[in-house]
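The values are calculated or read from the model by the stated rules, or taken from the named source; none is laboratory data. All figures in this text were calculated on a predicted structure; none of them were measured in a lab. No Cβ is skipped: glycine too gets one built from the backbone with ideal geometry, and neighbour counts run over all protein chains shown. Note: areas computed on protein heavy atoms with side chains; ligands, DNA, RNA excluded. Shrake-Rupley method; radii C 1.70, N 1.55, O 1.52, S 1.80 Å.
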Amino acid sequence: MEEKEEKNQNFKTVQNPNTYKTMYQNNMTTKKVGFGKTILLPFFSGVVGSALVLGTCFGIPSIRSQLFKTNTSTGTTTNIQNTGYVTQTSLSNYSDTSVYAANKILPSIVGITVEYNVNNSFLSVFNRQPQTSTAEATGSGIIISEDGYILTNNHIVATSSSDSYYEVSEATKVTVTLFNDETEYEAKIIGTDEQTDLAVIKIEKTGLSKAEFADSDNIKVGEFAMAVGNPLGMQSSITCGVISAINREVTDSDGKKFTLIQTDAAINSGNSGGALVNGEGKVIGINTLKLSGTGIEGMGFAIPINSTTDITSQLIQYSKVKRPYVGISGMDLTENLAKANNLVVGIYIKSIDDFSAAEKAGLKVGDVIIEADGKKVTKMDELNAIKNAHQIGEEMKIKVNRNGQEKELTIVLGEQP
């Protein structure tokens, strides 16, 4: 009993509410003091210290610019919030590129005005006498030598055409206007080439600013591009864009096919014959045509400059382009057309020119050309591409299907008359 009573007494002492309250309060007081010393005091000290450091840094421009990557360029800038890809874009670089390219190329671009006569046959019937008027066309050109040779488009200077109602003469006068020079210089047509839409004219003046050519085989889609010329007679105009595509095959309104550079730099009437240049102001192409119509925007085209160099040299030397010549007219045979006529797919020979390379090689009307230089051909364009890779006087191997039998022939290419 005594032992039990002692235990109960001890129990009561432990279970005393006042004792529990005192112990709990003492424990809470101890914890509050420990948290303040170990957590709060260092935290507030760090905040105060950081504020002092940042305040000092904001007072120093070089540190502030490093903290926020501020562009200190004097040019026009556009700040873009960091999206993970771009933090800031400077328009001054683009502007500097455009200004440099323009200053470099503009002295090498000329304005061209062509005069020609138009005979209106329709009015002549009623008036019983020729009704002739004078008309003008304008375009652009690129100075390619210091002594006055200028490269342009054939369709600018070779304007002769006719239909049932009118007849347009050859150019009666060609004049050239230089950059920052109001003097009109009369030009002579040196040579023209309808197939490539290129022409060379010349003025009697020296000390001209010759354009510098780039390697058009190395241009890339998305690269800066500037079109320079005289749209609508407004001399020395530039438009900027990018290279939209390369090696683009385009057929013009006359059915001629070209492999061209596509750009979204605006090309308008009068830009033809002008330059398409890169960011260094070097010529990469000759502006030649654009697509227009409802729903079409920013589709201009230029002849790659690399493809013009041999043509230009020949126009200056021979006043024409000397091309290899086979001497046939042909028709593409599709699978259905060939089957319907009991022939094979290929190029059907419709006619052969007298004394031509084809006649001398033994080709006959009715033959179907199926191979050229070991390559299968089904279209005249493919045959012409292989032919044009040769020089005049070289041999070209041809395989034909004649009455169901294959025959190999060798053509010695002549000169296109």
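Annotations
- Identity of the residue in region 243-289, of a type in the set (Val, Ile, Thr) and modelled with pLDDT of 95 or more, that ends up farthest from Thr177 (Cα to Cα): Ile246
- Members of region 180-197 found to be open to solvent by 30 Å² or more (accessible area, probe 1.4 Å), under 25 Å from Lys256 (Cβ atoms) and either free of Cβ contacts under 8 Å to residues at least 12 places away in the same chain or not β-branched (Val, Ile, Thr) (or both), listed by number: Glu194, Gln195
- Checklist (1) closer than 27 Å to Thr196 by Cβ; (2) modelled with pLDDT under 95 applied to Thr334, failing item: (1)
- Annotation: of all residues in region 403-417 being in a loop (DSSP other than H, G, I, E, B) and at pLDDT below 95, the one that is surrounded by the most Cβ atoms within 10 Å (Cβ to Cβ) is Gln416.
- In the condition set (1) open to solvent by 30 Å² or more (accessible area, probe 1.4 Å); (2) without any contact (Cβ under 8 Å) to a residue 40 or more places away in the chain; (3) of a type outside the set (Gly, Ala, Ser); (4) within 30 Å of Ile190 (Cα to Cα), Ile386 is compliant with all but (1).
- Test set (1) over 26 Å from Gly229 (Cβ atoms); (2) in contact with a Leu (Cβ under 7 Å, 6 or more places away or on another chain) - Gly285 fails condition number: (1)
- Of all residues in region 272-287, none satisfies being closer than 17 Å to Asn153 by Cα and among the basic types (Lys, Arg).
- Some residue of region 100-119 being of a type outside the set (Ser, Thr, Tyr), over 25 Å from Tyr185 (Cβ atoms), at pLDDT below 90 and open to solvent by 40 Å² or more (accessible area, probe 1.4 Å): yes
- Flag if Ile243 is of a type outside the set (S, T, N, Q), part of a strand (DSSP E or B) and in contact with a Lys or Arg (Cβ under 7 Å, 6 or more places away or on another chain): yes
- Checking each residue in region 295-339 for being assigned to a strand (DSSP E or B) and either on the phi > 0 side of the Ramachandran plot or among the aliphatic types (A, V, I, L, M) (or both) picks out Ala302, Ile303, Ile328, Met331, Leu333.
- In the set (1) more than 16 Å from Ser272 (Cβ to Cβ); (2) open to solvent by 40 Å² or more (accessible area, probe 1.4 Å); (3) at pLDDT 90 or above, Gly148 fails one condition alone, (2).
A quick yes/no check of all residues on (1) modelled with pLDDT of 95 or more; (2) not in a strand (DSSP E or B):
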| site | (1), (2) |
| --- | --- |
| Val344 | yes, yes |
| Ile347 | yes, no |
| Ile370 | yes, no |
| Asn384 | no, yes |
